[in-house]
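Worksheet: one structure, shown below.
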Amino acid sequence: ARQFQNLRYWLLRNTARWLWGRSAIRVLTMLLISVLIWGLVYAISAVGFHLFRSNDIPHSGGIVATLFDLLFLTLTLLLLVSTGIILYSSLFSSPETTFLLTTPARADQVFAYKFQGALAFSSWGFVLLASPVLIAYGVGYRAPWYFYALLPAYFVGFVLLPGSIGAFCCFVFVNLFPRRQKQVLFLLAATAAVLLGVWIYTLRPASATDAMSRDYIQRLVGQLSPAQGPLSPNHWMTRGVQAAARGDLAHAAYRLALIWSNGLLFYLLTAWVAGRWYRRGFNRIATGGMLRKRYGGHWLDHALSSLVGFLDRQTRLLIVKDFRTFRRDPSQWLQMLIFLCLMVLYFSNIRSFYQQELNAAYLNGVSLTNLTATSILLCAYTGRFIYPMLSLEGRKFWILGLLPLERRRLLWGKFAFSTTWALLVSEFLVIFSDAMLGMSPVGIGVHALTVAVVSFGLSGLSVGMGAGIPNFRETDPSKIAVGFGGTMNLIVGLLFLIVIVCLMAVPYHLVAVLVDPNQHQERFAPWIAAGLAVGLLLGAAATVVPLRVGARALKRMEF
């Protein structure tokens, strides 16, 4: 165990020195972005708790407790899923673990080494989002000094419990389903989506007046009661934080001990399971797959190749290659599938929340919000999965170099792959959302054109910046996506989609809301058309310019 800790220390030290020596601006930029996000969440939380206090809502009351229970329950589920996905990739797909399992190190020691890294990597978002909320809570209600001193202990103990459960589920899944992982994951995701949809359907109010009634609010709180049970870790966290805020140090220490004891217990159980199931699961993964190999390609590959049949054969083959890499890694497509199912459930139920007709302002506001949410999902998709694709080709680029194709063709193939899936998903979501809301055909057309420009632009930015700022040292796509280049790509992509939505969609909605339909709305058509034209030009520039710059950078690279 000491050798693994020394290895981690030297790896962190050398990586920090390398990053700071090579480009200090990268580290400073990432720190600045984190500080900005932290400050934004803190400001919003401070305003909310100030409103609570001004309305005489007690800091230890049921309203604040319910909000904290929901916050910690959501973070618990996210930590459980993210830790399980990261551990699956690092324990069963990493070359480092393949080497470590050949050494005299025990399986539980290898697991502990990887578990610590996965837990730290998956919990940084928890700290970034939860710490400003809790600090704003303490400042708003004037908590004692030891409230802030206890927060780090609560954070570390709390993340240990869902992380251990996620690791345990990972071992169970690998050992029970070594050959049908994708099918089982799809079945589990579909079941979870259906159950979530049924639950959301049961929460909907019958009318707008019922949404604000006392009976509906009591029914809503009753539906959330399982998250407030005495056996819920998120409820322990809530009660402990509230006890520390009101000065009840004994009760806060009791809740803290409860969190830590259960977290350590589940960690020891998971480590015991790892000592007995890790090598077995690794061997089953390595020798798994279908008992009878099928050649000639999967039917999904043939369907995708037919869908992009208008492209030349070389580009089609590159698209199919990237698609195979994507669908063979459940840790990649499962995340997008979960987000896609959640958005489809939201869009399909949003109109049924109210039985009355929606007014023009509400209708346009909701449709514009859905368009923006879809664009943000596209930005996350291209930043998380498309940007790292070229960096992952670095170690095997010599194989691609033997093929009779130019390097820029490889770039255009990845762009076509990204754009194809972005258009399929985004156009379906936007048109489905507008159809459920009852938008006019003109509004649906404006949204469809806007999201198409966003799809092309974000794909061009991610592929071009992926070639211009690659990271060939890292083999984990998630770490490439959160590096300096991935962060810059995310920032540029967010700015791009905000500008495009403001230019192409916002003018239409402003006219639809502010101008009376009987007062010749068509006189504003030239302004709407001008916004669409400028958006198309910016989208073309965001597509072509990064790809050309990336193609030149890729051409000059030596492998």
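No value in this document is a laboratory result; all are computed from the given coordinates. Note that the structure is a prediction, hence the values are computed from the model and not measured. No Cβ is skipped: glycine too gets one built from the backbone with ideal geometry, and neighbour counts run over all protein chains shown.
Some points to look at:
- Computed from phi, the 3J(HN,Hα) profile of the range 119-128 under the Karplus parametrisation 6.51, -1.76, 1.60 (θ = phi - 60°) reads 5, 5, 6, 7, 9, 5, x, 4, 5, 5 Hz, with x in place of Gly and Pro.
- The listed peptides 538-547, 462-471, 232-241, ordered by packing as a protection proxy, come out as 462-471, 232-241, 538-547 (highest mean of other Cβ atoms within 10 Å first).
- Simple point charges give the picture: +1 on the Cβ of Lys and Arg, -1 on the Cβ of Asp and Glu, and for the range 362-556 a dipole about the Cα centre of about 1100 debye.
- Spacing of the two label points (7 Å from each Cα toward its C-beta) at residue 545 and residue 272, in nm: 6.1 nm
- Once the Kirkwood radius over Cα pairs is known for the range 419-554, the Stokes-Einstein relation at 25 °C and 0.890 mPa s delivers a diffusion coefficient of 149 µm²/s.
- Highest to lowest packing among 37-43, 12-18, scored as the average C-beta count within 10 Å: 37-43, 12-18
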